[in-house]
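The values are calculated or read from the model by the stated rules, or taken from the named source; none is laboratory data. Because the structure is predicted, anything quoted here is derived from the model rather than measured. Every residue, glycine among them, receives a Cβ derived from its backbone with ideal geometry; neighbour counts consider all protein chains shown. Protein only, heavy atoms only, side chains kept; ligands, DNA and RNA dropped before computing areas. Shrake-Rupley method; radii C 1.70, N 1.55, O 1.52, S 1.80 Å.
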Amino acid sequence: MGMAYGHNHAWESVFSFPIGGLELLCDSVKIHNVNVEPQDGAKKLDMKDLLTWVRGNLIKERPEMFMKGDTVRPGILVLVNDCDWELSGQLTTTLEDKDVVVFISTLHGG
Amino acid sequence: MGMAYGHNHAWESVFSFPIGGLELLCDSVKIHNVNVEPQDGAKKLDMKDLLTWVRGNLIKERPEMFMKGDTVRPGILVLVNDCDWELSGQLTTTLEDKDVVVFISTLHGG
Amino acid sequence: HSDFGHGLSPDMVYRYSRHLLLPTFGVQAQSNILKSSILVIGAGGLGSPALLYLAACGVGRLGIVDHDVVELNNMHRQIIHREEYIGQPKVKSAAAACLSVNSTINIVEHKEALRTSNALDIMSQYDVVVDATDNAPSRYMISDCCVVLGKPLVSGAALGLEGQLTVYNYNGGPCYRCLFPTPPPTTACQRCADSGVLGVVPGIIGCLQALEAIKIASTVGEPLSGRMLLFDALSSRIRIVKIRGRSLQCEVCGENATFSRLRFQEFDYEKFTQSPLSTSPLKLNL
Amino acid sequence: HSDFGHGLSPDMVYRYSRHLLLPTFGVQAQSNILKSSILVIGAGGLGSPALLYLAACGVGRLGIVDHDVVELNNMHRQIIHREEYIGQPKVKSAAAACLSVNSTINIVEHKEALRTSNALDIMSQYDVVVDATDNAPSRYMISDCCVVLGKPLVSGAALGLEGQLTVYNYNGGPCYRCLFPTPPPTTACQRCADSGVLGVVPGIIGCLQALEAIKIASTVGEPLSGRMLLFDALSSRIRIVKIRGRSLQCEVCGENATFSRLRFQEFDYEKFTQSPLSTSPLKLNL
Ligand SMILES: [Zn+2]
Ligand SMILES: [Zn+2]
């Protein structure tokens, strides 16, 4: 899995980390506009591919604050186009051009 | 200008009147999902066509609360896809399938 | 003595006239509010505006749970408390402020920490619960108790420059555990006392909590159930996202859940989340 | 006497510790707030939470303009006022409340109606202006005066179950007249007194106004300039939309505008909008 900026098979996923503290993990860069190509010549990119890519390319420190096993750690909500990924198939959610993926760390403060 | 529910040249414009009191003018129906066809065999629908249609089909009482001359009355902001129509050419803004048009009446209360 | 046939005295008509004038609110919704009871858990950053607006709008019986005392470092955000109450119980200070805004309502002071031993008894006395606490074990405990008792829960949170809001266990919607079946690692559970918070951020979220509680109590409008509001103060961005519905597998509210009152009373929320229900704040060295 | 080299006394460090802990806020932003001056015009529904949060967060000099007295029918939303102040000037009541939350700041009471004759003098004394008024002529007058004086303006409005928020005249952004060059017909200008308002709605918008003013005064974050927040309480929907920039043709802030102090002082805002700067409220008959 790599990054592609060309026109062929260039999957653009807009990552936002706008709410909840995950910016700590990403060098305080809250919004990532990235192009990710599907793995192994597959036609579609899914959330599993994307998480692998995020872990390899964006999360430099303390990956346990973001991932647990193959998925996100407890307490993180994943939103694809402003919808809980539970509604679209979690890791199997397929992504299309211009999809917006947001990771939200739940807050407890008051 | 009329309404069309077919698949050919069926322009779907989502009207929202969510904020500001214009619902008074529309029988308290705040969101209108409507199909409007371009006029006179034209290919594109623009905001001028849409306003004519709204005036003829949605605004049943006190049209002066919504229109003044060919355009909206002072104090109403028109938003096309969450953008002020001043940025897209006002009455000449062309509309496409699934565009969202919102009319906002400015508030003064506190 | 006259009540105009709608149960409102002339003083009440005058006090709530701006609500009564509203076509979508009016006498019926105001009467519902006057007959309702709402419990706010936590008289801190979120609870301050939530309590003031709930008192002002005429909630018939308004309960406050808190075991803390007012401190100077609360004053930058906990606008319900006056400096003269520093060192005194927050419940007492908050109750006085609510009554000073609306002396016609009934305020109930619960000057104790919410625990599994008293939560069922306290929460069962109210129609709607507002979670204005500041830690993970309290959030699980309050949500579970709302499921056991069948109460809607208005949940808000704020930290740093960000806030979140949703309504749980409302009309078949999800509970807190449906969304978060497993507690987060303790390293991910920051508190305002440790990490700071811009004072007006819980102010905004607390006002929004009051609004949701008012909508539920008055049965007007669409509460924020199955949706979550995400607020970023720095960029002034707000996202309202669609979240999952009730989970059939939820251990507390799901199809085969056996989470009873007894189970609740025996549940160890501090162990479950590996964090304490209350802590002393970090000392700041500048 | 020690100030740790950052101008904050130990008491201030303690009071504002939750702000100082914030990496994106910290000592610098808090110092900016402490040195800033903010004017809130209107101590009503919007002004109530705006003033409390601005006082709590430590704005160095906080001005309040209002000529009204507290009435019972304000109490459902104007949570800054206590019942004991009914019949007394709102400015006096609001100033007392602000000081009770934070006695270390400077509160300035302007117990007068804002007019073209006093606006330049009053507004020129502050860094940031918050429009918390309730009528169209005041909104034009305040915006024009901010353009003449080069002050940023945080503008909020609420009516019924809806609210709006934006920042005008900030950093090359539009002014009120850029958006609304022509006043609306008077039939479209409803007031809370005529049409009602759900109390917590101005609460939410007023808190958001305090946030925007704090961001401008502390120079932290992106103020809501060139954007407008639209809030619908009934459905809990919020839209943040992109609005036009400064208009070159604007009669007040545009390229060839000749709107001077003198022109401002002579401008008749009541005639321009065909509505009065203040009115007596409608009587309610139920
Ligand atoms: Zn559940
Ligand atoms: Zn202008």
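Of the set (1) away from ligand 1 (no atom under 13 Å from the Cβ); (2) open to solvent by 10 Å² or more (accessible area, probe 1.4 Å), all apply to residue C:177 but (1).
Output the residues belonging to region D:249-264 that are open to solvent by 60 Å² or more (accessible area, probe 1.4 Å) and polar (S, T, N, Q).
Passing the criteria: D:249, D:256, D:258.
Quickly run through region D:82-127 and pick out the residues that are over 22 Å from residue D:268 (Cβ atoms) and of a type in the set (Ser, Thr, Tyr). Hits for region D:82-127 are D:85, D:93, D:100, D:103, D:104, D:126. For region D:209-234, a residue qualifies if it is within 9 Å of chain C (Cβ to nearest Cβ), out of contact with any strand residue (DSSP E or B) (no Cβ under 6 Å at 6 or more places or on another chain) and more than 20 Å from residue B:109 (Cα to Cα), and the qualifying residues are D:214, D:215, D:220, D:221, D:222. Among the residues of region D:190-207, are any more than 16 Å from ligand 2 (Cβ to nearest atom) and of a type in the set (Lys, Arg)? So far as region D:190-207 goes, yes, one or more of its residues are more than 16 Å from ligand 2 (Cβ to nearest atom) and of a type in the set (Lys, Arg).
Can we say residue C:246 is of a type in the set (Lys, Arg), in a loop (DSSP other than H, G, I, E, B), open to solvent by 40 Å² or more (accessible area, probe 1.4 Å) and modelled with pLDDT of 95 or more?
Working: of a type in the set (Lys, Arg): yes; in a loop (DSSP other than H, G, I, E, B): yes; open to solvent by 40 Å² or more (accessible area, probe 1.4 Å): yes; modelled with pLDDT of 95 or more: yes.
Criteria met by residue C:246.
In region D:156-181, the residues that are more than 17 Å from residue B:74 (Cα to Cα) form no Cβ pair under 7 Å with any partner that is within 16 Å of ligand 1 (Cβ to nearest atom) and not in a loop (DSSP other than H, G, I, E, B), whether six or more places apart or across chains.
Could you tell me whether any residue of region C:258-269 is within 13 Å of chain A (Cβ to nearest Cβ), at pLDDT 95 or above and within 16 Å of ligand 1 (Cβ to nearest atom)?
Within region C:258-269, one or more residues are within 13 Å of chain A (Cβ to nearest Cβ), at pLDDT 95 or above and within 16 Å of ligand 1 (Cβ to nearest atom).
Looking at residue C:168, is it under 14 Å from the mean Cα position of the chain (by Cα), within 16 Å of ligand 1 (Cβ to nearest atom) and within 10 Å of another protein chain (Cβ to nearest Cβ)? Considered against the rule, which asks whether it is under 14 Å from the mean Cα position of the chain (by Cα), within 16 Å of ligand 1 (Cβ to nearest atom) and within 10 Å of another protein chain (Cβ to nearest Cβ), residue C:168 comes out as no. Checked against (1) open to solvent by less than 10 Å² (accessible area, probe 1.4 Å); (2) within 9 Å of another protein chain (Cβ to nearest Cβ); (3) closer than 17 Å to residue D:54 by Cα, residue D:163 meets all criteria but (3).
Within region D:180-191, the presence of at least one residue that is part of a helix (DSSP H, G or I) and open to solvent by 40 Å² or more (accessible area, probe 1.4 Å) is confirmed. Each residue in region A:68-87 was checked for being facing another protein chain (nearest Cβ under 7 Å), open to solvent by 10 Å² or more (accessible area, probe 1.4 Å) and of a type in the set (Gly, Ala, Ser), and 0 of them qualify.
Looking across region C:249-264, just one residue is outside any loop (DSSP other than H, G, I, E, B), more than 21 Å from the chain's Cα centre (by Cα) and touching a residue at least 60 places away in the same chain (Cβ under 8 Å), and that is C:261. Residues in region D:122-177 that are in contact with a helix residue (DSSP H, G or I) (Cβ under 8 Å, 6 or more places away or on another chain), within 16 Å of ligand 2 (Cβ to nearest atom) and assigned to a loop (DSSP other than H, G, I, E, B): D:151, D:152, D:169, D:170, D:175. Being modelled with pLDDT of 95 or more and either surrounded by fewer than 20 Cβ atoms within 10 Å (Cβ to Cβ) or outside any loop (DSSP other than H, G, I, E, B) (or both), is that true of even one residue in region D:230-241? Checked against the condition, which is being modelled with pLDDT of 95 or more and either surrounded by fewer than 20 Cβ atoms within 10 Å (Cβ to Cβ) or outside any loop (DSSP other than H, G, I, E, B) (or both), region D:230-241 yields no hits at all. Among residues of region B:43-81 being under 13 Å from the mean Cα position of the chain (by Cα), modelled with pLDDT of 90 or more and in a loop (DSSP other than H, G, I, E, B), the one that is farthest from residue D:180 (Cα to Cα) is B:70.
So in region D:119-160, with the set limited to residues that are acidic (Asp, Glu) and open to solvent by less than 10 Å² (accessible area, probe 1.4 Å), which one is farthest from the other protein chains (Cβ to nearest Cβ)? Ranking the qualifying residues of region D:119-160, first place goes to D:144.
Of the candidates D:247, D:195, D:260, the single residue that is on the phi < 0 side of the Ramachandran plot, touching a strand residue (DSSP E or B) at 6+ places or on another chain (Cβ under 9 Å) and among the polar types (S, T, N, Q) is D:195. Checking each residue in region A:88-110 for being away from every other protein chain (no Cβ under 12 Å), crowded, with 18+ Cβ neighbours inside 10 Å and part of a loop (DSSP other than H, G, I, E, B) picks out only A:93.
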